[in-house]
Amino acid sequence: MSAIDEFEEAREDLEALLIEVLGAVFGEEAGIAWGQTIPAGPVVSSRLAIHDEEDDSYTLVEIRTSGIMARILASRMMTTADPSSDDLLDAIAELGNIAGGNVKSLLRHSCRLSLPTAEVTQAAVEPEQPRDGVVVQASVLGQVVELIVHQADTVSGLYWPGSTHTDVLEKQS
Amino acid sequence: MKILVADDSKAMRMIVVRTLRQAGWAGHDIVEAENGREALTMVGTESPDLILSDWNMPEMTGIEFLKALRGQGSSIPFCFVTSEGSEEMRSLASQAGALGLIAKPFTAELFMETLGSVVSA
């Protein structure tokens, strides 16, 4: 069974995982995001890869939320009223790292986790297209956070722990 | 007591320091490193009494840092604070000489339970 099949079977576990991580990181009650979406405007996201050493496949784990939510996250993590844009990216990367580590723990065999990366993008004006993979959402402080887990053909821009930045992740086949 | 906190995330280093305070250990000196290589150097210059280290870091991972440290003959108490808490990793940590592995997200209570034997108020 591929990693993505395992995650599809574990959709409820992924949702519970996201709710637990958000609740702990924000120190607030988190729950299911009933019909909510990420509002228009800047979207802050983090991304990391899980390398399955059995079949040499890569699974991407992404976290997406609004710029407002990322600012709240950075503000709480760093105990500052005015986090910098670097703080914002660091905070969302760490949230992705925590989520990714917990997602990896759901797998039953040997895998390797990359370092996280983060970015700010503008949300598309038109409705988003359906995305591949498993997408779960949770709500905290009235804002939506998405966890997306999907198989990846390319994992460019990501790095292995312990590596220098010249050692970019590459698919082995 | 001097505590070395190694994590590539500034946000997480701040959370670890805050959690130490919440656990009742506010008065200790804290020094910080951004990766295992920097932390290994700081062990020589700062002589910490306890090391709290992330596992997945650039330059040198936490487990590489711990193995290098023990390879130098150091027995400084070392605990991982990391996003992965699988049995496989806990076993690797223990075999390499770590006193424990605290998985993120964590609580002050978990810090007290894991580190209570080596940290005092």
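Taken over the range A:101-124, the criterion of being touching a Leu at 6+ places or on another chain (Cβ under 8 Å) and closer than 15 Å to residue A:14 by Cβ is satisfied by A:101, A:102, A:103, A:104, A:106.
Among the residues of the range A:76-126, those identified as of a type in the set (A, V, I, L, M, F, W, C), surrounded by fewer than 19 Cβ atoms within 10 Å (Cβ to Cβ) and either part of a loop (DSSP other than H, G, I, E, B) or facing another protein chain (nearest Cβ under 9 Å) (or both) are A:81, A:107, A:123, A:124, A:125. Annotation note: Cβ proximity below 7 Å between a residue of the range B:5-22 that is facing chain A (nearest Cβ under 7 Å) and a residue that is surrounded by fewer than 23 Cβ atoms within 10 Å (Cβ to Cβ) and aliphatic (A, V, I, L, M) (sequence gap 6+ or interchain) occurs for B:11/A:78; B:14/A:78. Screening residue B:37 with (1) within 14 Å of chain A (Cβ to nearest Cβ); (2) touching a Ser or Thr at 6+ places or on another chain (Cβ under 9 Å); (3) farther than 23 Å from residue A:76 by Cα; (4) not aromatic (Phe, Trp, Tyr) gives one miss only, at (2). Going by the structure shown, is residue B:32 more than 19 Å from residue A:113 (Cβ to Cβ), within 14 Å of another protein chain (Cβ to nearest Cβ) and part of a strand (DSSP E or B)? Yes.
No other residue among A:63, A:72 is assigned to a helix (DSSP H, G or I), within 14 Å of chain B (Cβ to nearest Cβ) and surrounded by 16 or more Cβ atoms within 10 Å (Cβ to Cβ) apart from A:72.
In the range B:38-57, the residues that are free of Cβ contacts under 8 Å to residues at least 60 places away in the same chain form Cβ pairs under 6 Å with partners that are of a type in the set (Asp, Glu), at six or more places apart or across chains, as follows: B:54/B:7; B:57/B:8. The one condition from (1) buried (at least 24 other Cβ atoms within 10 Å of the Cβ); (2) away from every other protein chain (no Cβ under 11 Å) that residue B:69 does not meet is (1). For residue A:52, indicate whether it is under 17 Å from residue B:8 (Cα atoms) and in contact with a helix residue (DSSP H, G or I) (Cβ under 6 Å, 6 or more places away or on another chain). Answer is no for this residue. Scanning the range B:72-110 for residues that are under 20 Å from residue A:106 (Cα atoms), within 12 Å of chain A (Cβ to nearest Cβ) and not hydrophobic (A, V, I, L, M, F, W, C) yields B:82, B:83, B:84, B:85, B:86, B:87, B:88, B:90, B:104, B:105. Would you check if there is a residue in the range A:4-15 being crowded, with 20+ Cβ neighbours inside 10 Å and in a helix (DSSP H, G or I)? Yes, there is a match, as at least one residue in the range A:4-15 is crowded, with 20+ Cβ neighbours inside 10 Å and in a helix (DSSP H, G or I).
The numbers here are math on the coordinates, done by the rules we state, and not lab data. Computed from a prediction, not measured in an experiment: that's the story for all the values here. Note that each Cβ is placed from the backbone with ideal geometry, even for glycine, and that neighbours are counted across all protein chains shown.
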